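Structure, as structure tokens:
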Amino acid sequence: AGAMLDNFNPLGASKSLLQTISPTIITPITDYALNMDYSGRPIMPTPSPFDATPPPNSQRYWSNVGGIAKSVSQKINELTGGNEVRAGAIDISPETLGQVYDFFTGSAGKFVERLATLPRTALKASQGEMNWADVVGEIPMTRKVYGAVPSYVDTIRYQDLRKEILTVSDEVKLAQTTRDTKRLSEIRSSASAELKMIEMVKATEQSLKQLRTERTRLKAVLEKSDNPAIQKRIDKNNETQKALMMRVLKRYNTLIDDKV
């Protein structure tokens, strides 16, 4: 249905009304303001609303972010008075830099970027720092016929599921507070799988928070010492976070399958 509407839309396909009506020249600004690309996916990770000290934009990026964009954004933040935990006067996410670069250079720029970074990503994969599926997905031409899903997609899926489950939890609390038994019954009927996942998601979020705090500390140590052992601990930390999120996704899929 969405594809049919897009085909008949004279203004072109877009996930947001603001993106649809915005002039092309300010597309990067609009995307940044909404934190949403043309397909509706977040450009950079959204910090937890429960985090009292969210990381600066220069530290908000997906695992497959370009090394050049990452270095440039963090250097800009540092030169303008920021660091890994504090935003400087100019604090830009590497994902935003990549989005602007893609907008102005198009497919040709992306082709050149993938060729330039391919040796580095292949080296990281050989050292176990990233998935080979992500490397293959960045090879020009090959990526068009290779059907692997990038690892960051699972992170987005987890974040979407987390939001839905915690929203259901809040709806239950509201219905109980207002003694709306009808609404409570509707929730229990339509969101039985989500209700069973509430405690698991909350526990997972607590574990992820601790892991992210530890990773931030390890990165700070790595910046000063460049110790391979510290890098291995960071890699293990990332793997543990991914495993926790995948466990939630698999459990939810099992509940949905049982329900069907």
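The values are calculated or read from the model by the stated rules, or taken from the named source; none is laboratory data. Since the model is a prediction, treat every value here as computed from it, not as a measurement. We place every Cβ from the backbone using ideal geometry, glycine too, and count neighbours over all the protein chains shown. Only protein heavy atoms, including side chains, enter the accessible area calculation; ligands, DNA and RNA are left aside. Shrake-Rupley method; radii C 1.70, N 1.55, O 1.52, S 1.80 Å.
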Near pairs, Cβ below 8 angstrom, 6+ apart or cross-chain, from the stretch 237-260 (closer than 16 Å to residue 198 by Cβ) to any residue that is at pLDDT 90 or above and open to solvent by 100 Å² or more (accessible area, probe 1.4 Å): 255/196
Residue ranges of helices (runs of 4 or more DSSP H) in the stretch 156-260 with at least 3 members open to solvent by less than 60 Å² (accessible area, probe 1.4 Å) and either in contact with an Asp or Glu (Cβ under 9 Å, 6 or more places away or on another chain) or small (Gly, Ala, Ser) (or both): 192-225, 228-259
Residues of the stretch 210-236 classified as within 21 Å of residue 47 (Cα to Cα) and without any contact (Cβ under 8 Å) to a residue 12 or more places away in the chain, total: 3
Residue within the stretch 59-66 that is within 17 Å of residue 100 (Cα to Cα), modelled with pLDDT under 75 and open to solvent by less than 30 Å² (accessible area, probe 1.4 Å) present: yes
Any chance residue 3 is small (Gly, Ala, Ser) and at pLDDT 70 or above: no
Index of the failed condition, residue 29 passing every other in (1) modelled with pLDDT of 60 or more; (2) of a type in the set (A, V, I, L, M); (3) out of contact with any Ser or Thr (no Cβ under 9 Å at 6 or more places or on another chain): (3)
Residue count, the stretch 67-102 (criterion: open to solvent by 50 Å² or more (accessible area, probe 1.4 Å), small (Gly, Ala, Ser) and within 18 Å of the chain's Cα centre (by Cα)): 0
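If I ask for residues that are among the aliphatic types (A, V, I, L, M) and either assigned to a helix (DSSP H, G or I) or at pLDDT below 75 (or both), which ones from the stretch 82-127 would you list?
97, 100, 108, 112, 115, 116, 118, 122, 123, 125
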